[in-house]
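The values are calculated or read from the model by the stated rules, or taken from the named source; none is laboratory data. Keep in mind the model is a prediction, meaning the values are calculated, not measured. Neighbour counts are summed over all protein chains in view; Cβ atoms, including those assigned to glycine, are modelled from backbone coordinates with ideal geometry. Ligands, DNA and RNA are excluded from the accessible area calculation, which covers all protein heavy atoms including side chains. Shrake-Rupley method; radii C 1.70, N 1.55, O 1.52, S 1.80 Å.
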Amino acid sequence: MQRRKTKLFTNYPVYNTTAAIDTSDKATRRVIAPYVKIVRKSEKAHLEKEQEHQKFNFYIQNKPSVLLHDLTSFLSDSVDLVLLLHETAEVMKSTTKATGVTLYMVDSASEEIYQSQRNFTGDRHKVNWKIQKGSIVAAYVAFKREYLMVDDILGDERFPAGVGYHGDMIKSVLCVPVVTPDGDCYAVIELYREVTQPPFNKDDLKISIVVTGWMGAAIHQNHLRLTLQKQQELNDYLLDLTKCYFAETVAIEKMITEIVKFAKSTLGAERGTFFIIDEESDDLVAEVFEEGIGVDDTMHRKNVKVRLSKDRSIAGLVARTGATVNIRDAYNDPRFFTEVDEKTGFITRSILCMPIVSVDNMLGVVQVVNKINGVCFTPSDENLFKTFSVYCALALHYTRLHQKMYKTDKTNVCNLKLLGLQLKPCIHDMEYFIETPEVTEPYNFKEFRWYVTPEEVPQMPQLVLLMVTEVIGASEFDIKSMMQFILTVRKCYRGNPYHNFEHAFNVAHCMFNILRRNMKKFNQIEIKSLLIAALCHDLDHGGFTNNFLQLTDDTLAQLYDESPLENHHYRVAMTILSDCPIYPQISRKVYDQISKEMKEAILATDLAAYFKFRVKLIQLINEKLLDFANNRHRTLVKAIMMTSCDLSGNCKPFLVAKNICDNVYKEFYNQGDLEKKMGLVPLSLMDREKSQMVPEDQVQFLSVIVLPCVELLKNIFPNTGELHTECLLLRDTWKEIIALKGQKSWRQDDSVVDQNECI
C-alpha cells in the first residue's frame, strides 16, 4: 500500500512546554532515575580498581621487561597509539598521585604541539604551540627532548605562558617527552599538582622516565616492524598454516599436521610431536599426536591420553614448569627418560620442547627431535621456535573456538526446538479459544479510560482478537495462527506484579484506540506492526530495569549496548512470529518491513530513548514542519504513540491507576531490596523505607513524564485528548491526597507494599 503524502497538520499550535527536561530539580531527578543511565559501583568494584592500580605500579617498578613485552605485543597493525598514550598518561597520573595530566602530540611537519583530547578527535578547537623556548612547559620539553621537573611553575620565568591551560591553582609540574631511540619526539606528557600538594620527587620522575622510555622504544620497534613487514615475502609454510587454521572447517589432524610440518621444515628436525592439553581436565591430561609410519606423514591421534602432571617425559616437564627445554645430548641429560627409546627402538639425540600458552592458560606442548643438519638445536632455532609457538597458540585457540562454536550452534538448535515446544500454548486453552473466539464487547471499550476488570481478565485473548480484527481486518491474517500467537504471547509474559500480560493488553488497547481514530493516517504495514508491537513490547520482562541489568552485568546487558530489555522483547516477539505466521500471504519484503516497524516501535518504549526523540518532535511541531510524508517524522510520531500507550496506565481513573502504581512499586522495591543485598544504595524511588513519598513522586512523575508525553500526542492527534484529560484528573487526585495526608481520608499504608508480596 502506498504511503499517503499528506501533512499531519497545517495549523497546529506551538508546543510551549520546554523540550528538554530540567534535571536540576531533585524531585525530577528522583522520578526519572530508574529510566536513565546511572553509573553505580559497589565498594568491591572500588577495591578491585585500587588493586589493579597497585598491580600496575608493581610492574612499573619491578617488571620493566614484562611491560615492554606487553606494549610491543599490543602495538599491532591497527593499534591506536594516541589512545594507548592516553591510557599510559592516566596510569602515570595515578602512580604519581598527580592532580591531573595533559597529553600533547607533536606535529613534526609544522613543528608544533597540540593538546590531545581523549574523547574528541576533531581539529576545530585544536590549540597549537610552536616547539620553542619561552612558551609553555610542554613546548620547551618538546624542543629540548628532555624531562623537566618544576617545583613552582608560578615563579619560573622560563615559562611565561605556564602550562597549556589556565589554572591558578597549579604549582608543581613534571613534564616528560616520549622520545624514540632514533631521537624523534612523538608526544609530551605533562603531570601537575596544585598548591595544596607537595611537589613531585625523584621517585615520581623515575617512574615517568621509565614508562615514557618504554613507550618510545615500543613505538620505534612497531614502526620498524611495519616497515620490514611490507618488504618481507610471506613464507610458504606460514601461508599453508594460516590457510589451515583459518579455514571454515578443518580437521584437528590436518591442523596439527600442518603445524608440525612447518616446525620440522623451519628448524630442520627429524620428528615432531604435538600435545593438546584437555581444557576440561584439572590434571594436565593431554592428547598426543605423532607422525605415522611409512610414507604417510599425517599426524595421528593416540588412543591413550597422557597425564603430563606425572609423566617423566620432557613434554611433561615443560607442561608442568611452563619453561622451554633445549637438550643438546639426550643420553647425557638427567632429564631425559631413556626407557622410551628402549621401547620404540628410536634413538633420540637432541630435543627442543616448548609450551604453547595463551593469555591465561596452557594450550599444549610441541616438541621436535634430532637436528638433521647439526649436532643440536641452536639458540637461533630456539628463538624461531618461540615465534612459531605464537602461531601454534593461534591455531590451537582458533580450532578450539571453532569446535566450541560448532557445539554451541548445535546446542542452540536443540534448545530452540525445546523452546518451541514449551512456547506452544496449552492445548485446552487453544481448543477453548477456537470454540469461543468471540466475546461481547465491554461497555466503553472504545474509550481510553476503560480498563479490564478482574472478571474480564480470562477474556483478554478474545478481546485482543477483537481489536486485531477491527483494526487490521479479518481477511489480513490467519485466524488459527493469530489465536496461537496471542496465547503464546500471554504465556511468554512472566508473573510480575506490573510487567505482565495485563499490562501488555492495556498498552495494546490504548494503541487500538489511537489507530481506530486515525486509520487514514497509517498504511497497512504500520497498522499491522504497531498493534502487534504494543502487545509484545514487554515480552519476557524480568521485572528489573535496564540500569539493574547493566549494574549486575546481566547477559542481556552484555548482548546489547543500548536498551537491552527492549531489544530482548523484540527478539522474543520475532521468535514467536517465526513459529506463528499470522500474516501468511505477505511477501518476504513486506515481512521485513513489518519486522523493522516492530523493532522501532518496541525500542521506542525505552524511556531513555523517549527523552531524546521528544525533543526532536517538539522542535518539528514548533517550527510547523511535521509532515507524514517524511519517513523520519513518521518514525518520531509512532515512537510517541508507543510511549503514550506504555504510560497509559497513568491515564485511568484513580482506583485503577492506584492499583497499577502499587504493582509498579512492588517491582521497584524488589529491585531495591536486591541492590541492598549487593551492598549498594538503591535509587530513592526503589527504597521501600521511603514509601511515604509515593504521592509526591506520582505527582512529579505525571508532571514531568506522562503529561508532556500525552499532551504532545494530543497536539498531533487531537482525538486522543482523553488521555491528557484523565492524566490531569489523576494528578489532581494525588495532589488532594497530599493535602489530606495524615487525616483519616488518607492512610500511608495504602502505598506501602508488604515485603512478602515481592517474594
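Checking the structure you have, find out if any residue of segment 481-492 is out of contact with any Gly (no Cβ under 6 Å at 6 or more places or on another chain), among the aromatic types (Phe, Trp, Tyr) and either without any contact (Cβ under 8 Å) to a residue 60 or more places away in the chain or over 18 Å from Thr436 (Cα atoms) (or both).
no
With more than 31 Å from the chain's Cα centre (by Cα) and of a type outside the set (Gly, Ala, Ser) as the only criterion, which of Leu530, Leu487, Leu539 stands out?
Only one candidate passes the filter, namely Leu487.
Hey, could you check segment 651-693 for residues that are open to solvent by 20 Å² or more (accessible area, probe 1.4 Å), out of contact with any Gly (no Cβ under 7 Å at 6 or more places or on another chain) and of a type in the set (D, E, K, R) and say which is farthest from Ser703 (Cα to Cα)?
Lys677
Taking Ser481, is it of a type in the set (S, T, N, Q), open to solvent by less than 30 Å² (accessible area, probe 1.4 Å) and farther than 30 Å from Gln367 by Cβ?
Spelling it out, Ser481 is indeed of a type in the set (S, T, N, Q), open to solvent by less than 30 Å² (accessible area, probe 1.4 Å) and farther than 30 Å from Gln367 by Cβ.
Scan segment 116-144 residue by residue and report those that are modelled with pLDDT under 85 and crowded, with 18+ Cβ neighbours inside 10 Å.
The answer is Ser116, Ile131, Ser135.
Quick one: is Glu476 touching a residue at least 12 places away in the same chain (Cβ under 8 Å), open to solvent by 50 Å² or more (accessible area, probe 1.4 Å) and within 25 Å of Val637 (Cβ to Cβ)?
yes
I'm trying to understand the selection: among the residues of segment 564-587, which are among the small types (Gly, Ala, Ser) and open to solvent by 20 Å² or more (accessible area, probe 1.4 Å)?
Ser578, Ser587
Cβ-Cβ distance below 8 Å, separation of 6 or more or different chains: which pairs start in segment 319-346 with a residue that is over 22 Å from Val285 (Cα atoms) and open to solvent by 70 Å² or more (accessible area, probe 1.4 Å) and end on one that is β-branched (Val, Ile, Thr) and in a loop (DSSP other than H, G, I, E, B)?
Arg328/Val375; Tyr331/Thr338; Tyr331/Thr348
Taking strands (runs of 3 or more DSSP E) that do not extend beyond segment 299-376, which have at least 3 residues that are in contact with a Cys (Cβ under 7 Å, 6 or more places away or on another chain) and at pLDDT 80 or above?
362-371
I'd like the residue in segment 145-160 that is open to solvent by less than 100 Å² (accessible area, probe 1.4 Å) and not in a loop (DSSP other than H, G, I, E, B) and, out of all such residues, is farthest from Asp184 (Cα to Cα).
Out of the qualifying residues, it is Gly155.
For segment 170-195, which positions are open to solvent by less than 20 Å² (accessible area, probe 1.4 Å) and aliphatic (A, V, I, L, M)?
Result: Ile170, Val173, Leu174, Val176, Val178, Ala187, Val188, Ile189, Leu191.
Of all residues in segment 359-382, which are closer than 20 Å to Arg307 by Cα and open to solvent by 10 Å² or more (accessible area, probe 1.4 Å)?
Matches in segment 359-382: Asn361, Met362, Gln367.
Got a sec? Which of Thr95, Thr99 is closer than 18 Å to Gly213 by Cα, modelled with pLDDT of 80 or more and open to solvent by 10 Å² or more (accessible area, probe 1.4 Å)?
Thr95
Would you be able to say whether some residue in segment 472-490 is closer than 19 Å to Glu726 by Cα and of a type in the set (Phe, Trp, Tyr)?
Looking through segment 472-490, none of the residues is closer than 19 Å to Glu726 by Cα and of a type in the set (Phe, Trp, Tyr).
Against the conditions (1) modelled with pLDDT under 95; (2) in contact with a Ser or Thr (Cβ under 8 Å, 6 or more places away or on another chain); (3) not small (Gly, Ala, Ser), where does Cys510 fall short? Just the number, please.
(1)
Which residue out of Glu675, Glu689 is out of contact with any helix residue (DSSP H, G or I) (no Cβ under 8 Å at 6 or more places or on another chain) and in a helix (DSSP H, G or I)?
Answer to the selection: Glu689.
Would you tally the residues in segment 428-463 being closer than 19 Å to Ile660 by Cβ and not hydroxyl-bearing (Ser, Thr, Tyr)?
Count: 14.
When you go through (1) open to solvent by 60 Å² or more (accessible area, probe 1.4 Å); (2) over 21 Å from Met483 (Cα atoms); (3) of a type in the set (A, V, I, L, M, F, W, C) one by one for Leu396, which number turns out not to apply?
Checking Leu396 against (1) open to solvent by 60 Å² or more (accessible area, probe 1.4 Å); (2) over 21 Å from Met483 (Cα atoms); (3) of a type in the set (A, V, I, L, M, F, W, C), the one that fails is (1).
Condition first: without any contact (Cβ under 8 Å) to a residue 24 or more places away in the chain, under 22 Å from Leu680 (Cβ atoms) and open to solvent by 50 Å² or more (accessible area, probe 1.4 Å). Now tell me which residues in segment 543-560 satisfy that.
Hits for segment 543-560 are Asp553, Asp554, Thr555, Gln558.
Restricting segment 491-542 to residues that are touching an Asp or Glu at 6+ places or on another chain (Cβ under 6 Å) and of a type in the set (Ser, Thr, Tyr), which is surrounded by the most Cβ atoms within 10 Å (Cβ to Cβ)?
Within segment 491-542, the match that is surrounded by the most Cβ atoms within 10 Å (Cβ to Cβ) is Ser529.
Of all residues in segment 503-528, which are among the aromatic types (Phe, Trp, Tyr) and farther than 18 Å from Pro461 by Cβ?
Of everything in segment 503-528, just one residue is among the aromatic types (Phe, Trp, Tyr) and farther than 18 Å from Pro461 by Cβ, namely Phe522.
State all residues of segment 440-455 that are surrounded by 16 or more Cβ atoms within 10 Å (Cβ to Cβ) and over 41 Å from the mean Cα position of the chain (by Cα); if no residue qualifies, say none.
Listed by number, the residues that qualify are Pro442, Phe445.
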